[in-house]
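Visitor: This is the structure I have questions about; it appears just below.
Each reported figure results from applying straightforward, stated rules to the coordinates on display, with no laboratory input. Please read all numbers here as calculations on a predicted model, not as lab measurements. FYI the Cβ positions are ideal-geometry reconstructions off the backbone, even for glycines, and counts take in every protein chain you see.
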Amino acid sequence: MAVSIAKTFSASTKKLSTADRGRVLDFLTKFMDDPSSPGLNFETIQGAKDGNMKSARITQDLRTILHQSNGMLTLLYAGHHEDAYRWAERRRMENHPVTGTLQIVETAQAAQYEVTEADLTSNSTRIFAGYENGYLLSLGVPTDWLTIIRQIQNDDQLLAVCQKLPEEVAERLVTLSTGELVTPPPPVPASAPVEQSPDNLRRFWIVQDAADLASVLDRPIEDWVRFLHPSQRLLVIQEFNGPAKVSGAAGTGKTVVGMHRARRLASQGKRVLLTSFVTTLCRNIERNIHILCAGTQNAFDGSTESRVTVSTVHRQALALAKATHPKLRPLESDKIEALVNRHHSHGGYLFDSGFLVTEWNAVVEPQGITTWEEYRDAVRTGRGKPLTIKQRKECWKVFARIWEDLMAAYAYPWSAICRIAREAVESGNVESPFDAVIVDEVQDLQPQELRFLKALSAQNPGDFMLLGDSGQRIYPGGFSLKKLGIDVRGRSHILRINYRTTEQIRRFADGLLATTSNDFDDGAEDRRSQSLLNGPRPTIREFPNEAEQAKFVLDQVRLLLEQGISPREIAVFARSSNRLKSIRDILTDAKLEIAPLNDEEDLSEVRGINLGTMHRAKGLEFKVVFVIDCNQGVVPHAFTLSKMRDQGDYDAAYERERQLLYVAITRARDEVFVTSVGKPSEFLTSQPGNTRG
Ligand SMILES: Nc1ncnc2c1ncn2[C@@H]1O[C@H](COP(=O)(O)OP(=O)(O)OP(=O)(O)O)[C@@H](O)[C@H]1O
């Protein structure tokens, strides 16, 4: 008999204690040995609406709920006796009469309270009143939910009802509610194998054999490992005939797509580089790749995992550049200011040294410019003040001397290292160690870094994938893929479902940004997304002084710990590390363990409450996040902005500050607290995006 595990089962086991989870897993092992063993004792559930719903006894108190039909056994739920029976009584598993997909449906009656009597009699507009029942059914709405859905009047009701509906139906209704027309999915015959429908594959995981199940027993099943949204799955399996781009707001599963695609390509025997700018993110990805690839083999020589290299762009570039320039070493980033000051007297007298430092950092360094001709012709997009040729010549007098110093010391900026590495690969002096390159957080890369990565994947342009969100750009720079010769036309995809944060946090965070963002090609794209997760609204608090803010954080942390939330699931972020001092002190005095976020730390080893700057937040996630000191003068950071010498630089830096706050807030899965001492940040008081998103 075929066996499948439903996503609801994996969710239910996460709520059990470790000991009970162990008992469930023991049961599963026996079950897998012989699913039809009479010793397992399946019982019909009295009062269940679905006659095929059965329970199996694990211990005196623990039960598993299964569904048995058409030669298939599906594990649906595991829990304590009462919970398990109540869960089963309210649900049925059936093929939808129109779409044919296999749905686990909560009976509409059980959730009727979501739309109250007062709502039913109110005169305000009902979101789905204008749609025919036939159309709603073709979207997969379960028949007994039609009446309730037609009554929904606002987003909060919709979100509450969506918690009860099959995911694909919830997503279609939410999209429909924004005014977009949703095309019904092609129906699948009820007799078709379960895996034939993409909607089934996000709910059910077909266990192939005992070994397959053993891999689940060894470690907890993370949903992202097994259940992909169809749009994610497509990006994982699709064969592209050139570079592909995947964008999407925070938490829409871009990194998950990158990891699954890396595994797939590696299992075909390809050598894959999965890369990003940020060291902490690479460490996280490396750990997750280990989980994802466990036990899987590639087509050639053993483990899939061994074919995936997770590493920062700079690390790879340095290794390859050293092959042709063995003495080369990276230049410390703070050295340029001193070099500009040293050579300022030789030219550039038309400008102050601050302007020249910014010109180097925004134009010369990112574009990898090393000659006068390149600087003369350089595009200076985003710089406010246009320069004449004469003015450029003056600047170049300083830059040329800086280059002489750097070359003499073999100290190269990262852009130059990337350029040398690329030239080594392009000239054939060094062979690319990779067949496929997948780039996460692409928004923070510079042109030379991207050109290097493109060269690495030049043999297989279809295996070059870029994932990112320009709304999360927090480092200076910017690029146009087209101008770098990376043509993603016809291969650009936007992910829309947020899997990380609750809808309440998503709305609040998206309110900080505009609803469109740069598409990495000098155009704009719609970055709206939607979460189907429900939770408390973000807490925004203003305090008269730091001590009261710190006391508030301590009180909240204590409450969270009492609720059983692990300290490592909590993070406190501030604009700069000195702003964290009061929190560090108060938590330490209260004998709570803290863990500073830094590049060296392996987050899986962390036991304490995470403390870090907003920049460190990038790519991470926590159950609860505090963003403190979100005051005027701090966010946006007045000191950083004061260093900007022209309007273009100032505007870009201002937007990065806004995006930094967005990044910090969107690290929260369930709850976020944003606090300020004195007047709150202007980003909190004036939100350009609409809250609906
Ligand atoms: N198909 C899925 N099913 C369940 N969970 C998912 C799925 N896809 C992603 N997630 C979860 O959603 C969260 C966000 O995913 P991910 O980190 O890939 O998003 P992202 O778009 O890269 O986010 P960011 O841009 O903020 O870094 C993670 O906890 C991930 O495990």
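Visitor: What whole number of Å gives the distance from the Cα centroid of region 558-578 to the Cα centroid of region 436-450?
Guide: Region 436-450 and region 558-578 have Cα centres separated by 31 Å.
Visitor: Let's test the formula: R0 of 51 Å, r as the Cβ-Cβ distance of THR371 and LYS15. What FRET efficiency results, to the nearest 0.05?
Guide: 0.20
Visitor: Using θ = phi - 60° and the Karplus form 6.51 cos²θ - 1.76 cosθ + 1.60, what ³J(HN,Hα) does each residue of region 322-327 get, whole Hz, x for Gly and Pro?
Guide: Ordered by residue, 3J(HN,Hα) equals 5, 5, 9, 10, x, 7 Hz.
Visitor: Right, something else. Normalised by the residues of the chain, what does the relative contact order come to in percent, with Cα pairs under 8 Å and at least six apart?
Guide: 12 percent
Visitor: Roughly how tilted is helix 546-562, in degrees to the nearest 10 and between 0 and 90, from the longest Cα axis of the chain?
Guide: The angle comes out at about 30 degrees.
Visitor: Here is a further query. Can you run phi through the Karplus equation (6.51, -1.76, 1.60; θ = phi - 60°) for region 641-650 and list ³J(HN,Hα) in whole Hz, with x for Gly and Pro?
Guide: Rounded to whole hertz, the list is 5, 5, 7, 7, 8, 10, 4, x, 5, 4.
Visitor: Looking at the chain, which longest stretch skips every one of the trypsin sites (Lys or Arg not before Pro) that is in a DSSP loop with at most 14 other Cβ atoms within 10 Å, leaving the sites themselves out?
Guide: Counting at most 14 other Cβ atoms within 10 Å as exposed, the longest clean stretch of the chain is 16-326.
Visitor: Using modelled amide H (1.01 Å from N, peptide plane; none on Pro or chain starts), what sits under 5 Å from the amide H of GLY242, excluding residues fewer than 5 places away?
Guide: Close amide H contacts, sequence-distant or interchain: GLY462.
Visitor: For GLU43 and ASN133, what is the calculated FRET efficiency with R₀ set at 45 Å and r taken between the beta-carbons, to the nearest 0.05?
Guide: 0.75
Visitor: Could I ask something else about it? Going by Cα centres, region 462-526 and region 313-343 are how many Å apart?
Guide: Between the Cα centre of region 462-526 and that of region 313-343, the gap is 29 Å.
Visitor: Return one quarter of the surface area of the convex hull spanned by the alpha-carbon atoms of region 335-412, equal to its mean projected area, in nm².
Guide: Taking the Cα atoms of region 335-412, their convex hull projects to 4.7 nm² on average.
Visitor: In which sequence would HIS637, HIS96 go, from the one with the fewest C-beta neighbours within 10 Å to the one with the most?
Guide: The order, fewest Cβ neighbours first, is HIS637, HIS96.
Visitor: Multiplying the sequence separation of LYS679 and ARG541 by 0.36 nm and subtracting their Cα-Cα distance, what value in nm do you get?
Guide: Answer, rounded to one decimal: 48.6 nm.
Visitor: Taking a threshold of 27 Å on the Cα-Cα distance, which of the pairs LYS551/LYS643; LYS7/LYS454; LYS335/LYS385; LYS254/LYS327 fall above it?
Guide: LYS551/LYS643; LYS7/LYS454; LYS254/LYS327
Visitor: Taking the Cα atoms only, what angle lies between the long axis of helix 167-177 and the longest principal axis of the chain, rounded to 10 degrees?
Guide: So the helix axis and the longest Cα principal axis differ by about 70 degrees.
Visitor: Would you list, by chain and number, the aspartates and glutamates whose Cα falls below 16 Å from the Cα of LYS679, excluding same-chain residues fewer than 8 positions away?
Guide: Partners within reach: GLU542, GLU546, GLU548, ASP629.
Visitor: Cut-off is 10 Å between beta-carbons; in what order do LEU660, LEU450 appear when sorted fewest neighbours first?
Guide: Listed from fewest to most nearby Cβ atoms, that is LEU450, LEU660.
Visitor: Is the shape of the chain rounded, prolate or oblate, going by the alpha carbon gyration tensor and its root eigenvalues a ≥ b ≥ c, with a/c under 1.5 for rounded and a/b larger than b/c for prolate?
Guide: prolate
Visitor: Which value at 222 nm does the chain reach when only helices count, each DSSP H run of 4 or more adding -39,500 (n - 2.57), with the total divided by all residues and rounded to the nearest 500 deg cm²/dmol?
Guide: Calculated from helices alone, the mean residue ellipticity at 222 nm is -11000 deg cm²/dmol.
Visitor: Counting only GluC sites (Glu not before Pro) that are in a DSSP loop and have at most 11 other C-beta atoms within 10 Å, tell me the longest site-free stretch of the chain.
Guide: Maximal segment without exposed cleavage sites: 432-599.
Visitor: In what order do MET614, MET72 fall by count of nearby beta-carbon atoms within 10 Å, going from fewest to most?
Guide: Least to most surrounded, the residues fall as MET72, MET614.
Visitor: Taking H placed 1.01 Å from N in the peptide plane, check which residues at least 5 places from VAL627 or on another chain put their amide H under 5 Å from its amide H.
Guide: Under 5 Å from the amide H of VAL627: PHE573, PHE673, VAL674, THR675.
Visitor: Related question: Between ARG86 and THR640, what is the label-to-label distance in nm when each label sits 7 Å out along the Cα-to-Cβ direction?
Guide: Once both label points are built, they end up 4.7 nm from each other.
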